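> Below is one structure. I have some questions about it.
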Amino acid sequence: MWVCHATQSHSECPVLGGTARPYARLGLVGTISATHTRFMTTTLITGANKSLGYETARRLIEAGHTVWMAARDPERGRRAADALGGQFVQLDVTSDDSVAAAAETVAAAGGLDVLIKNAGISRPQAPAAELTAADALAVYDTNVVSIVRVTNAFVPLLRSSAAPTVINVTSGLGSFAHVHDAERIESKVNAPLYTSSKAAVTMLTVQYARALPEMRINAADPGYTATDFNGHSGPQTVTEGTDAVVELASRGGAGPTGTFIDRSGVAPF
Ligand code: NAP
């Protein structure tokens, strides 16, 4: 067993070699074989007080990672973090001030390697012709504008990481390929605001990946999962629903960027 510490350069780490890059925070833990390398990261998850965000935190903490469990409600967020051994930070993805304060807190505590933008809403939902501009602004602020707001606040922290990773939690309902495939459940759903918001999340992922090639920026579709989001109607468990996100969060800065995956692998846009 060996460990590459924060003070070691890339070339000093026995399994990596190559360019000299400081390993701020990132502890590399594993056997002498590079194929068994395990990257210990500091990760922040938005909307981590319950459901898919909470399960993602549980799995990453269980694997040994440090996890900031961000939530808009301090009481519920702190309770969730205490239950799992995570660190709590207040973060409402619709508030510039809240997001900026959370970034300051995380920066002061040592920085960030993995940013998981999980918080999202499905409502308000109504027949298409009854949807209002206010409905659209509410869904887009939480699901889409938040991607820009949170990315903007945390990219400076990620720039100090040796393995900067961004994961945007999107949905198959935002995939043009899936909604046109009569065999898939996504083709049976009519929810103009939610589906189009997630199509925007996926495209934002592609665009940020192009703009920031030094980071791994990918989108993950949990799949239809039983949570409060859908009245627990989904057939998947939260563990199944977090497979794609946990996979992306565990790559240690390796792998492709600008992709869209689900728990079966690369998914079509
Ligand atoms: P959920 O049970 O409704 O949980 C959503 C989480 O987001 C909660 O922690 C919620 O906090 C948080 N949130 C909502 N608005 C927020 C805000 N303004 N600021 C900070 N946090 C906020 O939903 P879920 O099923 O876990 O879904 C998580 C993500 O997966 C979403 O992005 C969703 O679109 C996506 N997704 C879900 C499914 C599915 O079938 N479940 C499928 C595909 C994609 P509060 O507790 O304070 O409300």
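> Once you have a ≥ b ≥ c as the square roots of the Cα gyration tensor eigenvalues for the stretch 47-103, tell me rounded if a/c is under 1.5, and otherwise prolate or oblate according to whether a/b is larger than b/c. All intermediate terms of the calculation are to be shown ahead of the outcome.
Values: a/c = 2.05, a/b = 1.77, b/c = 1.15.
Prolate is the answer for the stretch 47-103, as a/c is 1.5 or above and a/b outweighs b/c.
> Let me know the whole percent of all Cα-Cα pairs from the chain that are separated by more than 23 Å.
Working: 18384 of 36046 pairs.
Counting pairs separated by more than 23 Å, the tail of P(r) holds 51 percent.
> Running a GNM on the chain with Cα contacts under 10 Å, which residue among ALA199, ALA191, ALA249 ends up with the highest mean-square fluctuation?
ALA191
> A further question on this structure: Which value, in debye to the nearest 20, gives the size of the charge dipole of the chain about its Cα centre, when Lys and Arg are +1 and Asp and Glu are -1 at the Cβ?
460 debye
> Where the centroid of each part is defined by its Cα atoms, how far is the stretch 103-121 from the stretch 184-210 in Å?
The stretch 103-121 and the stretch 184-210 have Cα centres separated by 23 Å.
> Return the ratio Rg/(2.2 N^0.38 Å) for the stretch 162-269, where Rg is computed over Cα atoms only.
Details: Rg = 13.8 Å, N = 108, 2.2 N^0.38 = 13.0 Å.
My calculation over the Cα atoms of the stretch 162-269 gives 1.06.
> Ok, one more. Charges on Cβ only, +1 for Lys and Arg, -1 for Asp and Glu, centred on the Cα centroid of the chain; of SER197, SER187, THR242, which one is farthest towards the dipole's positive end?
It is THR242, whose Cα lies furthest towards the positive end.
> Right, next: Can you tell which of GLU183, GLU75, GLU62 shows the greatest fluctuation in a Gaussian network model of the chain with Cα springs below 10 Å?
Per the Cα network of the chain with a 10 Å cutoff, GLU183 tops the list.
> Here is a follow-up. Amide H to amide H, which residues 5 or more places from ILE217 or on other chains are under 5 Å from it, using H placed in the peptide plane?
Placed amide hydrogens put VAL166, GLY258 under 5 Å from ILE217.
> Follow-up question, since we're still on this one. With the Cα gyration tensor of the stretch 82-121 giving a ≥ b ≥ c as the square roots of its eigenvalues, does the rule (a/c under 1.5 for rounded; else a/b larger than b/c for prolate; else oblate) give rounded, prolate or oblate?
Values: a/c = 1.56, a/b = 1.12, b/c = 1.39.
Here the stretch 82-121 falls in the oblate category.
> Please report the antiparallel percentage of the DSSP beta bridges confined to the chain, to the nearest 5.
Details: 8 of 31 bridges.
Roughly 25 percent of the beta bridges in the chain run antiparallel, per DSSP.
> Ok, one more. For the chain, with a Gaussian network of springs between Cα atoms less than 10 Å apart, report the residue from ALA103, ALA254, ALA80 with the top mean-square fluctuation.
Highest fluctuation of the listed residues: ALA254.
> With θ taken as phi - 60° and the coefficients 6.51, -1.76 and 1.60, list the Karplus ³J(HN,Hα) couplings across the stretch 228-240 in order, rounded to whole Hz; mark glycine and proline as x.
Per residue, the Karplus-derived 3J(HN,Hα) values read 4, 3, 10, x, 6, 8, x, x, 8, 7, 5, 5, 4 Hz.
> Tell me the net charge near THR227. Cut-off is 11 Å between Cβ atoms, THR227 excluded, with +1 for each Lys or Arg and -1 for each Asp or Glu.
Values: positive: LYS50; negative: GLU55, ASP228.
Spelling it out: positives minus negatives among the neighbours equals -1.
> In addition: Multiplying the sequence separation of GLU62 and TYR140 by 0.36 nm and subtracting their Cα-Cα distance, what value in nm do you get?
Numbers: separation 78, 0.36 × 78 = 28.08 nm, distance 3.30 nm.
Answer, rounded to one decimal: 24.8 nm.
> Run the helix sum for the chain: -39,500 (n - 2.57) per DSSP H stretch of 4+ residues, divided by residue count, reported at 222 nm to the nearest 500 deg cm²/dmol.
That calculation yields -10000 deg cm²/dmol at 222 nm.
> In addition: Is the C-alpha gyration tensor of the stretch 89-189 telling us rounded, prolate or oblate? Criteria: a/c under 1.5 is rounded; beyond that, a/b larger than b/c is prolate, otherwise oblate.
oblate
Bear in mind that the values in this text are calculations on the coordinates, not laboratory data. What you are looking at is a predicted structure, and each value in this text was computed from that prediction instead of being measured. FYI the Cβ positions are ideal-geometry reconstructions off the backbone, even for glycines, and counts take in every protein chain you see.
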